[in-house]
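Q: Starting off with a structure, shown below.
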Amino acid sequence: MNKKLNLLLILSGVLFTLVGCESEDVTNTKIETPAFSGTLTNQFSTNSSVLNRNGFSPDLSSNTSHGISVSGQGSKMVEPDLALLNVGVEVFAETVTLARNTAAKSIEDIESSLFKNKVSQIDVQTNRFDILPRYDYEEITMNGRRIGSQILVGYTVTNSLKVKIRNLDKVGKIIDDASNAGGDFTRINSISFSVDDPSSHQSELRELAIQEALEKASHYADLTGIILGPVLLLSEGSSSVSSTFENYGMRAMASAPYSTSISGGELELSLTVNVMFGIQ
């Protein structure tokens, strides 16, 4: 009896030991799971650089603490070689037909004057045409009460052209001739100046913009005591041509005693780049 009891105790101990070892192996397996290391981060950075070189735009929010982001602007002054004239007619009449026919005749005369001054047909474009009713408001008495009422009095027809003038020496004469042709219905809505081919200045503007971005980034690096790394991201922002003159609603006079003097002046061309530099 005692031998059987001892044998049972020994077998129970062996079984307990086996179970304990198995549990310990499972526990150890969980503990020995590799922890997250910097390897994945380095791989992500490498992939991000590849995406940048391929033209993608990765989310920079996670990299703001690992780089310097600056913008640079390149600008230069140039003489315009193109004038943009917005000229048209505005006619009011009691009927749509009368207003439209009068406006059509006036705008046709203006176009003829433009073509006589060597403005190409492809440089003349209609950019607005409206037929709008016009009302007068008056008070009337109805059932002993005075109320406001609108009365249709006629129609206003507006027709305007966008004209490219490539010979700046003739801008004044073109405006005078167009005003005389359209008569009292003529409206000079605006005039502005531009460069016909801004792309010819893009290379120089990019160089100036990158130079300014490098100067900014280098200055920040010196101020903070860090070493500037390679370019991580580069994008080109907006480009613009500034300095325009506009006089909306100006009414041309058919019998002006003097010729119109128009000066093109200078234009400022600008281009912006956004650059993110790594730090070492």
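Q: Measure up Lys76/Lys162; Lys116/Lys170; Lys76/Lys170 against 23 Å on the Cα-Cα distance and list the ones that go over.
A: Checking Cα-Cα distances, Lys76/Lys162; Lys76/Lys170 exceed 23 Å.
Q: Then there's this: Subtracting the Cα-Cα distance from 0.36 nm times the residue separation, let me have the gained length for Leu214 to Lys173 in nm, one decimal.
A: Contour length minus the Cα-Cα distance gives 10.0 nm.
Q: For Leu82, enumerate residues with amide H under 5 Å from its amide H, sequence gap 5+ or separate chain, H modeled in the peptide plane.
A: Ser194, Asp196
Q: Tell me, in nm to one decimal, what length is gained between Leu152 and Glu138 on full extension, where the rule is 0.36 nm per residue of separation less the Cα-Cα distance?
A: Full-extension gain reported as 3.9 nm.
Q: Work out the FRET efficiency for Leu223 and Asp197 from their Cβ-Cβ distance, taking R0 = 30 Å, and round it to the nearest 0.05.
A: With R0 = 30 Å, the Cβ-Cβ based efficiency is 0.15.
Q: For the pair Lys118/Ser235, report the inter-label distance in nm, with labels modelled 7 Å from Cα in the Cβ direction.
A: 4.6
Every read-out reported here was derived from the displayed coordinates using simple, explicitly stated rules and does not represent laboratory data. Since we're looking at a predicted model, the values are computed, not measured. When we count neighbours, we look across all protein chains shown, and the Cβ atoms used for this are built from the backbone with ideal geometry, even at glycine.
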